[in-house]
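The values are calculated or read from the model by the stated rules, or taken from the named source; none is laboratory data. Fair warning: this is a prediction, and the values are worked out from it, not measured in the lab. Don't worry about glycine lacking a Cβ; one is built from the backbone with ideal geometry, like all the others, and counts go over all protein chains shown.
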Amino acid sequence: MKTRPLVCSTALLVWLAACTLLFAAAPLHPLLDEAERQRLEVVKAITPATIAVFDQRGEGGGSGVIVRADGLVVTNFHVVAPCGPFLYCGLPDGTVVPAVVLGVDPPGDL
């Protein structure tokens, strides 16, 4: 009587191991592979222009994107609202620079 649960458990483990090997070896659909490749290219391309936004205490905030060579950043209202008019931006290279809010659009917040 004690061997039946052991046999069932062993059979279940073998079956699970076989399923894992079968599904792990199966490649993703080619369209999914291509979509993932394109997504990674976009992330790599925009990373140098992506910045962190936070308040003077180093708290809160979110992210933004540098849209001009002179350092103009676009972000959402909900990102800058808790920070007030003076905030900081963290650049991809680790540099932290002070920033000033030039304008907001609360109804247009995403």
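Of the conditions (1) at pLDDT below 90; (2) surrounded by 11 or more Cβ atoms within 10 Å (Cβ to Cβ), Arg57 fails just one. Which one is it?
Here Arg57 meets the rest and fails (2).
Select, from Leu110, Leu87, the only residue that is loosely packed, with under 10 Cβ neighbours inside 10 Å and out of contact with any Leu (no Cβ under 8 Å at 6 or more places or on another chain).
On the way: Leu87 fails: loosely packed, with under 10 Cβ neighbours inside 10 Å.
Selected residue: Leu110, the only one of Leu110, Leu87 that is loosely packed, with under 10 Cβ neighbours inside 10 Å and out of contact with any Leu (no Cβ under 8 Å at 6 or more places or on another chain).
Of all residues in segment 82-104, how many are out of contact with any Asp or Glu (no Cβ under 8 Å at 6 or more places or on another chain), among the small types (Gly, Ala, Ser) and touching a residue at least 24 places away in the same chain (Cβ under 8 Å)?
Count: 2.
Does segment 90-107 hold any residues that are under 22 Å from the mean Cα position of the chain (by Cα) and loosely packed, with under 12 Cβ neighbours inside 10 Å, and which are they? Break it down into steps so the answer makes sense when it comes.
Let us first name the residues in segment 90-107 that are under 22 Å from the mean Cα position of the chain (by Cα), namely 90-96.
Hits for segment 90-107 are Asp93, Gly94, Thr95.
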